[in-house]
1. Could you tell me which of the residues SER43, SER37, SER31, SER54 is at pLDDT below 95 and closer than 21 Å to TYR80 by Cβ?
2. Looking at segment 141-159 only, could you name the residues that are over 19 Å from ARG86 (Cβ atoms) and surrounded by fewer than 17 Cβ atoms within 10 Å (Cβ to Cβ)?
3. Just one of the numbered conditions (1) among the acidic types (Asp, Glu); (2) out of contact with any Cys (no Cβ under 7 Å at 6 or more places or on another chain); (3) within 27 Å of GLU56 (Cα to Cα) is not true of ASP142; which one?
4. Given the residues LYS58, LYS65, LYS99, LYS11, which is the only one that is charged (D, E, K, R), more than 24 Å from SER123 (Cα to Cα) and in contact with a Phe, Trp or Tyr (Cβ under 7 Å, 6 or more places away or on another chain)?
5. Please tell me if SER54 is within 30 Å of THR18 (Cα to Cα), exposed (fewer than 15 other Cβ atoms within 10 Å of the Cβ) and hydroxyl-bearing (Ser, Thr, Tyr).
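The values are calculated or read from the model by the stated rules, or taken from the named source; none is laboratory data. The structure presented is a predicted model; accordingly, all values stated were derived computationally and were not measured. Backbone-built Cβ (ideal geometry, glycine too); neighbour counts: all protein chains shown.
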Amino acid sequence: MIEEAELFYHKAIVTTYTEQYDVAEYCLLKSIEIDPSEHNCASLGWLYAVAFESQEKKALRFFRKAIFCNPANGDLYNDYGALLLRMGLPKNSIKWFKKAARFPHCPKRHFALYNLALAYYNSNHFTKSRRYLRLALKSRPDFEQALHLYSVVNSSIGK
């Protein structure tokens, strides 16, 4: 990232901690204007998704820009799917989680597998949910959220 863009990016991150979201938005937009990267685009996507009401479409747009900046980063696909899941669109999120889980560069693959299981659970596909939870737990046996959902899914299946 160009130095000036990085300065705006870091200021945006700091201002989110103090809940100065308008300042953070401005700084991220400036950073993107100077040098769009996966980091500043994805950060603005999450800012719109979390800090601003009814800005999910903007959030999705910036996640797509982040993916365009680095289409080889599987974590970005997971983030896109997570936002769709959060928006109440589990069926739409499934393809994004599957893409994330297949990528060679996806350091948080266990989250993609967990999110995939959660999407299937929310769609009442408990057997598929359990399958992906097993895969998530295989890569991270101490993953508390996955362990909890695994017990919920098993009780839903009756086993």
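1. Working: SER43 fails: at pLDDT below 95; SER37 fails: at pLDDT below 95; SER31 fails: at pLDDT below 95.
Going through SER43, SER37, SER31, SER54 in turn, the sole match is SER54.
2. PRO141, ASP142, GLU144, LEU147, SER151, ASN154, SER155, SER156, ILE157, GLY158, LYS159
3. Against the list (1) among the acidic types (Asp, Glu); (2) out of contact with any Cys (no Cβ under 7 Å at 6 or more places or on another chain); (3) within 27 Å of GLU56 (Cα to Cα), ASP142 comes up short only on (3).
4. Details: LYS65 fails: in contact with a Phe, Trp or Tyr (Cβ under 7 Å, 6 or more places away or on another chain); LYS99 fails: more than 24 Å from SER123 (Cα to Cα); LYS11 fails: in contact with a Phe, Trp or Tyr (Cβ under 7 Å, 6 or more places away or on another chain).
Answer to the check: LYS58.
5. Values: within 30 Å of THR18 (Cα to Cα): yes; exposed (fewer than 15 other Cβ atoms within 10 Å of the Cβ): yes; hydroxyl-bearing (Ser, Thr, Tyr): yes.
Here the answer is yes, as SER54 does meet what is asked.
This table checks each residue for (1) modelled with pLDDT of 95 or more; (2) β-branched (Val, Ile, Thr); (3) under 25 Å from TYR9 (Cα atoms).
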position	(1), (2), (3)
LEU47	yes, no, yes
PHE62	yes, no, yes
ILE67	yes, yes, yes
TYR80	yes, no, yes
TYR120	yes, no, no
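Matching residues to (1) more than 26 Å from GLU38 (Cβ to Cβ); (2) touching a residue at least 12 places away in the same chain (Cβ under 8 Å); (3) small (Gly, Ala, Ser):
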site	(1), (2), (3)
ALA100	no, yes, yes
ALA112	no, yes, yes
LEU118	no, yes, no
SER123	yes, yes, yes
PHE126	yes, yes, no
ALA136	no, yes, yes
PRO141	yes, no, no
GLN145	no, yes, no
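Yes/no per residue for (1) within 15 Å of the chain's Cα centre (by Cα); (2) touching a residue at least 24 places away in the same chain (Cβ under 8 Å); (3) within 30 Å of SER155 (Cα to Cα):
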| site | (1), (2), (3) |
| --- | --- |
| PHE8 | no, yes, no |
| THR16 | no, yes, no |
| LEU47 | yes, yes, no |
| GLU53 | no, no, no |
| ASP79 | yes, yes, yes |
| ASN115 | yes, yes, yes |
